[in-house]
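To start, the structure under review is shown below, and the notes come after it.
The values are calculated or read from the model by the stated rules, or taken from the named source; none is laboratory data. Treat the numbers as computed from the prediction; the structure is a model and nothing was measured. Cβ sites come from the backbone with ideal geometry, for glycine too, and all protein chains shown count toward neighbours.
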Amino acid sequence: MTLLQIMPDDAPGTVLLRSTDLDVVRTELMGIGVRIERWHAARRLPAGADDDTVLEAYRSHIDRITAEGDYRLVDVARLTPRPEDPGWPEQARAAREKFLEEHFHDEDEVRFFVAGSGCFYLHVGNRVYATVCTAGDLLSVPSRTVHWFDMGERPDFTAIRFFQEEDGWVGRFLPDSIAARFPSLDDLRAPA
């Protein structure tokens, strides 16, 4: 379930708004120039669907977003638990840590969650908008928006990514990140 929690950037324990109502989430995010949509697959995806099958299931949505944003590259990123792999816990931790600090990109960050979840923390003005995206959510974050991403202690997601350039995903990290002071994805999902 999509969740938005807004906090002051100097008081992470203060919740200004917490909502799972998609209309409320959409309105709040539009106020900072961020777009969120819900998509449905054109056909049911089989378990373990390969990248081409995933892309084809969402082809009409992908074509529309690609045309709107002049995105030339579209791919599928996955991170799913592999209990049979003894190196998995370290690989998951390293992948998670890569994006846990504040950064921005020179182009829009556009992600559609096919499966699983992740949280984009958008630092705009003096607020942090923690946006938990789940299967069916498309989030489009404007270029140069300061943010960080948490995929949780046990990363498990499949996402379609859109880029204008091959290096569009490369982040420019800020020296004094506030990210560590805020609740993690796991904290946000925990029962109150």
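Mind telling me which of the residues Asp51, Asp10 ends up being more than 20 Å from Ala135 (Cβ to Cβ) and of a type in the set (Asp, Glu)? Quick ask: steps written out before the conclusion?
Values: Asp51 fails: more than 20 Å from Ala135 (Cβ to Cβ).
One residue alone meets the criteria, Asp10.
Of the residues Met1, Met7, Met30, only one is under 19 Å from Leu185 (Cα atoms) and exposed (fewer than 14 other Cβ atoms within 10 Å of the Cβ); which? Working first, answer last.
Values: Met7 fails: exposed (fewer than 14 other Cβ atoms within 10 Å of the Cβ); Met30 fails: under 19 Å from Leu185 (Cα atoms).
One residue alone meets the criteria, Met1.
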Do the conditions hold for Asp106, that is, is it of a type in the set (Asp, Glu) and either buried (at least 19 other Cβ atoms within 10 Å of the Cβ) or within 25 Å of Leu17 (Cβ to Cβ) (or both)?
no
Among the candidates Ala94, Ala190, residue that is among the aliphatic types (A, V, I, L, M), modelled with pLDDT under 95 and closer than 19 Å to Leu3 by Cβ
Ala190
Within segment 1-56, take every residue that is touching a Ser or Thr at 6+ places or on another chain (Cβ under 8 Å) and of a type in the set (Ser, Thr, Tyr) and give me the one that is nearest to Ala115 (Cα to Cα).
Thr2
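Based on what the data block shows, is Ala115 over 10 Å from the mean Cα position of the chain (by Cα), outside any strand (DSSP E or B) and either in contact (Cβ under 8 Å) with a residue 24 or more places away in the chain or farther than 29 Å from Asp10 by Cβ (or both)? Step through it out loud before you land on a result.
Working: over 10 Å from the mean Cα position of the chain (by Cα): yes; outside any strand (DSSP E or B): no; either in contact (Cβ under 8 Å) with a residue 24 or more places away in the chain or farther than 29 Å from Asp10 by Cβ (or both): yes.
No: the conditions fail for Ala115.
Select from segment 137-192 the residues that are in a strand (DSSP E or B), among the aromatic types (Phe, Trp, Tyr) and either out of contact with any strand residue (DSSP E or B) (no Cβ under 6 Å at 6 or more places or on another chain) or surrounded by 19 or more Cβ atoms within 10 Å (Cβ to Cβ) (or both) and list them in ascending order.
From segment 137-192, those in a strand (DSSP E or B) are 137-141, 147-150, 157-163, 172-173; that's our starting set.
From what is left, the residues that are among the aromatic types (Phe, Trp, Tyr) are 148-149, 157, 162-163, 173.
Of everything in segment 137-192, those that are in a strand (DSSP E or B), among the aromatic types (Phe, Trp, Tyr) and either out of contact with any strand residue (DSSP E or B) (no Cβ under 6 Å at 6 or more places or on another chain) or surrounded by 19 or more Cβ atoms within 10 Å (Cβ to Cβ) (or both) turn out to be Trp148, Phe149, Phe157, Phe162, Phe163.
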